[in-house]
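Below is one structure, written out as structure tokens, with a few remarks after it.
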Amino acid sequence: VTEPRRRVVLSRPIHARVPIRWSTVLMLVAFLALGALYLEVRTVP
Amino acid sequence: VKFQNLTDWLRNGLLPTVVLLLGAVLMARLVAWITHRYRHSLDEQARQTIEAGRAVSEATKRSRAVAQAIEWTVVSLIYFVAGVLALRQLGVPLTTLVAPATVAGVALGFGAQQVVGDLLAGFFLFSERQFGIGDLIRLSQPGQTTGVTGTVEELTLRVTKLRTVTGEFVVVPNSALRQVTNLSKDWSRVVLDIPIRATEDLAAATQVLNQAAGSLADDEAWSGLLLGAPVMSGVETIEVGYVQLRLVVRTLPGRQFEVSRELRYRCAAALQEAGISTAPLADESASAGGRTTP
């Protein structure tokens, strides 16, 4: 019998009742932050 | 100047590319989440239907399969478009890639013609509504009745995944599906051929079997699975030492195996009780049987 593989933090849900993974939250935050940064610093008209 | 170029590239090349790829992954996850929710609600509906003793509708099975195929297609499309846009954003001239892409496409086409065949076969499988998720199917060579039998667990444009009665998980590319026998479409039928010793009173045997089959139809636990009264069709074959009486009953799709087992049990018990032998004249050891089912 093999032990069930432990899920890394990023692939775990943020809450038992909220089925959203930590990795999704992280990506969403990065998307919004980098998106805002891009709109701020872009030089192409 | 070089530093200025680098910062320009970071601002207008790398940064939007990263944002684009992150957006693509998020969008793919959103599509997967929506289809997962939809499939989960269909599964819940199907579970309640089965618990109520009814058959899962063809539309539900098909919707589940189509949802899976749509998810696969949309996610692939999102990643493809994001990949092309990211290359353009990084300054890779796409027009100059047309010629190498054509050569690569031809080479890939030769290598991946099996995959293309699978996808096309999957498309026709969906459009012709041959089977859906939850259906019991048998895969075999044309003209043969033996092959792999199992319940469809997953259906994509490329592969069909089955679970056999012994728990084996079988994955078959869609282009390899030659003859598919759907054992659970609309309705099913139990056909029992019951051997009766040649010297026995056939009228009495028929009456006993009729009563045994009638008891199944009257039983509340089983009547919900039947789509009509069991019918004794009569003498199916005359062999050396015994004859075979045929008993037929229509059942809900996919429920024929459990009904046939119960029917076989009741018939064997009733014949035993009535003292009617099922063993052929030359062989005293045989007992009541019927068609073997998974």
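Three principal axis extents describe the C-alpha atoms of the range B:156-207; from largest down they are 57, 24, 17 Å.
Determine the shielding of peptide B:7-20 by partner chains: average, over its residues, the number of Cβ atoms on other chains within 10 angstrom of each Cβ. Don't skip to the end; give the middle numbers.
On the way: counts 2, 3, 0, 1, 7, 5, 1, 1, 6, 6, 1, 5, 10, 3.
Mean number of neighbouring Cβ atoms from other chains: 4.
Rounded to the nearest Hz, the phi-derived 3J(HN,Hα) couplings of the range B:87-101 under the Karplus curve 6.51 cos²θ - 1.76 cosθ + 1.60 (θ = phi - 60°) are 4, 5, 5, 7, x, 6, x, 5, 5, 6, 7, 4, 5, x, 5, where x marks glycine and proline.
Within a 10 angstrom radius of each residue's Cβ in B:91-99, how many Cβ atoms of other chains show up on average? Whole number is fine. Can you show the working numbers first?
Working: counts 0, 0, 0, 0, 0, 0, 0, 0, 0.
Whole-number average of other-chain Cβ neighbours for B:91-99 is 0.
Normalised Debye scattering of the protein assembly as shown at q = 0.08, 0.11 Å⁻¹ gives log10 I(q)/I(0) of -0.63, -0.93, counting only Cα atoms as equal scatterers and leaving out solvent.
Which order do peptides B:199-206, B:211-218 fall in by mean Cβ count within 10 Å, highest first? Write out the running numbers ahead of the final one.
Numbers: B:199-206: 14.2, B:211-218: 16.5.
In descending order of packing, they fall as B:211-218, B:199-206.
Taking every Cα-Cα distance in the range B:117-227 and sorting them into 10 Å bins from zero, the calculated P(r) comes out as 12, 32, 22, 19, 11, 3 percent.
Share of pairwise Cα-Cα distances greater than 32 Å in chain B is 50 percent (whole percent). Multiplying each eigenvalue of the alpha-carbon gyration tensor of the range B:155-294 by 5 and taking the square root yields semi-axes of 34, 18, 12 Å, largest first, rounded to whole angstroms. Charged side chains reduced to their Cβ positions (Lys and Arg at +1, Asp and Glu at -1) give chain B a dipole of some 1540 debye around its Cα centre. A straight chain from B:V66 to B:D193 at 0.36 nm per residue would run longer than the Cα-Cα distance by 41.8 nm. In sequence order, the range B:168-173 has phi-based couplings of 6, 9, 10, 10, 10, x Hz under the Karplus curve 6.51 cos²θ - 1.76 cosθ + 1.60, θ = phi - 60°, and Gly or Pro positions carry x.
Considering the range B:18-145, its Cα convex hull presents a mean projected area of 11.2 nm².
From the C-alpha coordinates alone, can you work out the Kirkwood hydrodynamic radius of the range B:1-87, in Å? Don't skip to the answer; put the middle values down first.
Details: mean 1/r = 0.0633 Å⁻¹.
Kirkwood hydrodynamic radius for the range B:1-87: 15.8 Å.
Each part gets one Cα centre, and for the range B:201-237 versus the range B:91-136 those centres are 52 Å apart. In this simple spin-label model, placing a label point 7 Å from the Cα along the Cα-to-Cβ direction at both B:R54 and B:Y79 gives a separation of 3.9 nm. With a 10 Å cut-off around each Cβ of B:21-31, the average count of Cβ atoms from other chains is 3. In this simple spin-label model, placing a label point 7 Å from the Cα along the Cα-to-Cβ direction at both A:R17 and B:F124 gives a separation of 5.1 nm.
Pairs of alpha-carbon atoms within less than 8 angstrom and 6+ residues apart define the contacts here; what relative contact order does the range B:119-275 have, in percent? List each step's numbers first, then the result.
Working: 284 pairs, mean separation 33.6, N = 157.
Relative CO of the range B:119-275 lands at 21 percent.
Amide H to amide H, with H built 1.01 Å from N, B:A198 comes under 5 Å of B:Y242, B:V243, B:L281, counting only residues 5 or more places away or on other chains.
Grab the Cα-Cα distance for B:A99 and B:R163, subtract it from 0.36 nm times how many residues apart they are, and report the gain in nm with one decimal.
Numbers: separation 64, 0.36 × 64 = 23.04 nm, distance 4.48 nm.
The B:A99-B:R163 span can extend by a further 18.6 nm.
Using R0 = 56 Å, the C-beta based FRET efficiency linking B:L6 and B:Q141 works out to 0.35.
No lab work stands behind these numbers, since they all come straight from the coordinates. Keep in mind the model is a prediction, meaning the values are calculated, not measured. Every residue, glycine among them, receives a Cβ derived from its backbone with ideal geometry; neighbour counts consider all protein chains shown.
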